[in-house]
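Written below as structure tokens is the structure these notes are about.
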Amino acid sequence: VGNGNSALSMAMERTYIMIKPDGVQRGIVGNIISRFETKGYKLAAMKTKQPTAELLNQHYCDLVEKPFFPKMRDYMMSGPVVCMVWEGKEAVTTGRKMLGATNPLASEPGTIRGDFCIEVGRNICHGSDSVENAEKEIGLWFEEGEVLSWESHSKDWIYE
Ligand code: IDP
Ligand code: MG
């Protein structure tokens, strides 16, 4: 990262953002990417993937015992997802704000879930809820070498 501004580099975070099968099927991929891009975050990795049950068990390890989990996993396996890593200042907490609340009906208009969906079981996107979980999730969904470090030419126009 960057020349000189080491304090800024320290605050940089990476978050794992995933567009779920309904977001892909409904053609909302470009809109979601565009929001993170125009916000000023930097795309560090992106790919499509067909999730497996094993991967989802690991990704949602905190939820596997929940009654809704089997149906939720089927939904997550129903088609391709888009896996992304977005990087920038406070990217994890800001990414969550950009997604909106877990229940789309409780999400503010202007958020992704607030603008595009209605039900918790069809909420079109995932975002890491902590820096620690982001690291875990990036390691789970991406191979070594798929997440890139590069310097944006807009850096000095986004950060002071
Ligand atoms: P999050 O995606 O906002 O972090 P979590 O509580 O981590 O929310 O739940 C993960 C995902 O599981 C949600 O995004 C949603 O798709 C699904 N989910 C959570 N709670 C329910 C529920 O009560 N019914 C059905 N699906 C749920
Ligand atoms: Mg979660």
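The values are calculated or read from the model by the stated rules, or taken from the named source; none is laboratory data. This is a predicted model, so every value here is computed, not measured. Heads up, the Cβs are rebuilt from the backbone with ideal geometry, glycines too, and the neighbour counts pull from every protein chain shown. The protein model used for the area step is the full one, side chains on, heavy atoms only, and it has no ligands, DNA or RNA in it. Shrake-Rupley method; radii C 1.70, N 1.55, O 1.52, S 1.80 Å.
Note on LYS155/GLU54: beta-carbon distance plugged into 1/(1 + (r/R0)^6) with R0 of 41 Å gives a FRET efficiency of 0.60. Ranked from largest, the principal axis spans of the Cα set of the stretch 3-84 equal 49, 29, 17 Å. For ASN103, put the label point 7 Å out on the Cα→Cβ axis and report which residues of the stretch 110-130 keep their amide N under 12 Å from it. Those under the cut-off are 119-121.
Taking only protein heavy atoms and a 1.4 Å probe, the accessible area of the chain is 52% carbon and sulfur.
Over every Cα atom in the chain, the radius of gyration and the widest Cα-Cα span, Dmax, amount to 15.7, 51 Å. Within straight-line reach of LYS71, meaning a Cα separation under 30 Å, sit the following lysines at least 8 residues removed in sequence or on another chain: LYS20, LYS47, LYS49, LYS97, LYS136.
A straight chain from SER130 to LYS66 at 0.36 nm per residue would run longer than the Cα-Cα distance by 21.0 nm.
Separation of the stretch 58-79 from the stretch 93-160 is 19 Å, based on Cα centroids.
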